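Below you'll find the structure, written out as structure tokens, and then a few comments.
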Amino acid sequence: MIKEKQDTLFVGSLEKGMRILSVFDERHSALGLTEIAALTGLDKSAAQRLTNTLHKIGYLNKDPESRRYSPSLKFLELGNAYLWSDPLVQLAMPKLIELGRKLGERVNVARLDGHEIVYVIRIPTQLTSFGAMIAGRRLSALTTSSGRAMIACFAPEERKKAVETWPITALTSKTTLDRAKIAAAIEEAAACGYGLTQSENILNEIGIAAPILAGDRRPVATVQCSVSSLKWSIEKVRSEIAPHLMEVANSIHLP
């Protein structure tokens, strides 16, 4: 057996600290020490030392009465740093604002990160729920219009591997778990130039996304729109939204 070479530059304590920061999300906005230890897999003593350090340097707030921790404003600074560093955000933002006005619907830009998509731009409407306004949300790529649109641009073998091995998280009773059906939907996306989903992550929601390609034709992101199926039919989405998404996606040029 070949022993894996140790990374002498890897700092384990820093990784553990980042693991603590990573457990805070929409379902875990405030956590006690025992919960943090359980979610991170750290023993309580290590969790206590690391959490206290993160509190002392300003990354975690601590409620003096409940002794529960929550993210501080410094978290927002980290997100702000990402948005400034990603050229796609600066290129796409004005185009997304204009697209949202034109369609009168919620529009987004999503990037692929491993087997998940992450929303990096979200342009809401008045009726958009709070959760759908916040950048940074992750979803299974296989269940989203954005994920399917980007996978459809992969080489055939890479596409097949993604469909067969990437995990699926069911968020509604209508989330597709049949990988053959997902494969068929991705092949359709490859043929028509955009991904389409219905009720996969939110009931009565139609998602449609067109890929943004880099100079080497690899998918780097999508322009995506989410609408209510109580207001829009699939046919209407295809005829009235898809062309606009594809036009905007094709107008964004990245190296």
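The values are calculated or read from the model by the stated rules, or taken from the named source; none is laboratory data. Computed from a predicted model, the values in this text were never measured in an experiment. Don't worry about glycine lacking a Cβ; one is built from the backbone with ideal geometry, like all the others, and counts go over all protein chains shown. Remember, those area values only see protein heavy atoms, side chains included, never the ligands or the DNA or RNA. Shrake-Rupley method; radii C 1.70, N 1.55, O 1.52, S 1.80 Å.
Cα extents of segment 104-208 along the three principal axes, largest first, in whole Å?
Principal extents (Cα only, largest first): 41, 26, 24 Å.
Compute the projected area of the convex hull of the Cα atoms of the chain, averaged over all viewing directions, and report it in nm² to one decimal place.
17.4
Once phi is turned into ³J(HN,Hα) by the Karplus curve 6.51 cos²θ - 1.76 cosθ + 1.60 with θ = phi - 60°, what whole-Hz value does each residue of segment 141-154 show in order, with x for glycine and proline?
4, 5, 9, 10, 5, 5, x, 5, 5, 6, 4, 4, 8, 5
Would you look at the GNM of the chain, springs on alpha carbons closer than 10 Å, and say which of Gly114, Gly207, Gly195 moves the most?
Residue with maximal mean-square fluctuation among Gly114, Gly207, Gly195: Gly114.
How large a share of the accessible area of segment 71-115, in percent, is made up of carbon and sulfur atoms when the probe is 1.4 Å and the other protein chains stay in place?
The value for segment 71-115 is 63 percent carbon and sulfur by accessible area.
Among the GluC sites (Glu not before Pro) in segment 1-44, which ones are in a DSSP loop with at most 15 other Cβ atoms within 10 Å of the Cβ? Mind listing them?
Sites meeting the loop and neighbour criteria: Glu4, Glu26.
How far apart, in nm, are two points set 7 Å out from the Cα along the Cα-to-Cβ line at Val23 and at Ser72?
Inter-label distance under the simple model: 1.9 nm.
For segment 3-141, state the average projected area of the convex hull of the C-alpha atoms over all orientations, rounded to one decimal in nm².
11.7
For the chain, with the dipole built from +1 on Lys and Arg beta-carbon atoms and -1 on Asp and Glu ones, taken about the Cα centre, which of Asn204, Pro255, Ala170 lies farthest toward the positive end?
Looking along the dipole axis, the top candidate is Ala170.
Please calculate how many Å² of accessible area the chain carries per residue, with a 1.4 Å probe and no DNA, RNA or ligand atoms counted.
Spelled out: the 1.4 Å probe surface of the chain, per residue, equals 57 Å².
Pull up the cross-link candidates among the lysines for Lys181, meaning alpha carbon to alpha carbon under 24 Å and not fewer than 8 places away within one chain.
Lys160, Lys161, Lys236
Using only alpha carbon pairs under 8 Å that are at least six residues apart, calculate the relative contact order of the chain and give it in whole percent.
Relative contact order of the chain: 13 percent.
With a cut-off of 18 Å, note down the residues of segment 102-116 whose backbone N falls inside the zone around a label point 7 Å from the Cα of Arg218 toward its beta carbon.
110-116
Assign one of three labels to segment 12-52, namely rounded, prolate or oblate, based on the Cα gyration tensor with a ≥ b ≥ c the square roots of its eigenvalues; rounded applies when a/c is under 1.5, prolate when it is not and a/b is larger than b/c, and oblate otherwise.
oblate
What shape does segment 161-255 take by its C-alpha gyration tensor, where a ≥ b ≥ c are the square roots of the eigenvalues and a/c under 1.5 counts as rounded, a/b above b/c as prolate, and the rest as oblate?
oblate
Give the Rg (one decimal place) followed by the Dmax (whole number) of segment 41-109, computed from C-alpha coordinates and expressed in Å.
18.8, 54
With each label point set 7 Å from Cα along the Cα-Cβ vector, what nm distance links Asn61 and Arg138?
Inter-label distance under the simple model: 2.4 nm.
Once both labels are modelled 7 Å past Cα along the beta-carbon direction, what's the Leu127-Glu247 spacing in nm?
Result for the modelled spin labels: 2.4 nm.
If you count only protein heavy atoms and use a 1.4 Å probe, how large is the accessible surface of Arg111, to the nearest 10 Å²?
The accessible area comes out at roughly 60 Å².
I want to verify a result. In a Gaussian network model of the chain, Cα cutoff 10 Å, which of these has the top mean-square fluctuation: Gln90, Gln48, Gln224?
Gln48
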